[in-house]
Amino acid sequence: MSDDTAAEELQRRAAQGIELYVPTTLNDDGSFGFSYAGSLCSVRATTLAEGLDVLTLTAVLAWDRNTSATLHRRVAERNAACQFGSVSAIGEGRTLDVVLRYTFPATGLGDDALTTMLVLALTEVERSRVGLIP
């Protein structure tokens, strides 16, 4: 299986697993997106090397939040508690977006294991978002 084919197949399987819980849409960049627990999410499969395919989940937990010491503290707390991925504040100036990113190797995972990994990451999305929005 070529690198492109392996990543496309992995992404198709990941979308099928997520669609057990929420509807997805295909994005212009080839990733698929969905909304989960109030967060906008995107998943993309990439082949890093032959036999090493990874999935990246990106979730916008909060956007256009006013920059403050409290927000930075909450982001740091959520990042420290995060078991699946990392939470960071992105932006410059007076507003920030808070994003969770989780990348994991997925080559060789069966459908059930793949879906389980994605559900664990989505649980982290839901948990990390608490207290970041008014």
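Summary table
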{"item": "Degrees, to the nearest 10: 69-81 long Cα axis against longest axis of the chain", "result": "40 degrees"}
{"item": "Residues ARG73, ARG78, ARG101 arranged by fewest to most Cβ contacts within 10 Å", "result": "ARG73, ARG101, ARG78"}
{"item": "At R0 = 25 Å, FRET efficiency that the Cβ-Cβ distance of LEU120 and THR95 yields, to 0.05", "result": "0.25"}
{"item": "Label-point separation in nm, THR5 to ALA113, each point 7 Å along Cα→Cβ", "result": "2.2 nm"}
{"item": "For the range 3-129, convex hull volume per residue from C-alpha positions, Å³", "result": "108 Å³"}
{"item": "Burial order of peptide ranges 52-60, 7-15, 23-31 (average beta-carbon count within 10 Å, highest first)", "result": "52-60, 7-15, 23-31"}
{"item": "Karplus-derived 3J(HN,Hα), 6.51/-1.76/1.60, for each residue of the range 108-123, Hz, glycine and proline x", "result": "x, 6, x, 4, 5, 5, 4, 5, 4, 4, 5, 5, 4, 5, 5, 4"}
{"item": "Electrostatic dipole magnitude of the range 11-134 [Cβ: Lys, Arg +1; Asp, Glu -1; Cα centre; debye, to 20]", "result": "460 debye"}
{"item": "ALA80/THR56 FRET efficiency (R0 22 Å; Cβ-Cβ; nearest 0.05)", "result": "0.55"}
{"item": "Which of GLU92, GLU124 has the fewest Cβ neighbours within 10 Å, and the rest in rising order", "result": "GLU92, GLU124"}
{"item": "For THR95, distant residues with modelled amide H under 5 Å away", "result": "THR67"}
{"item": "Helical mean residue ellipticity (222 nm; -39500 (n - 2.57) per DSSP H run of 4+; nearest 500) of the chain", "result": "-12000 deg cm²/dmol"}
{"item": "Chain lengthening between ILE133 and SER88 when straightened (0.36 nm per residue, less Cα-Cα)", "result": "14.7 nm"}
{"item": "Nearest-ten-degree value, helix 3-18 long axis tilted from longest Cα axis of the chain", "result": "60 degrees"}
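Where a number appears in this text, it was derived from the coordinates with a stated rule and is not lab data. What you are looking at is a predicted structure, and each value in this text was computed from that prediction instead of being measured. FYI the Cβ positions are ideal-geometry reconstructions off the backbone, even for glycines, and counts take in every protein chain you see.
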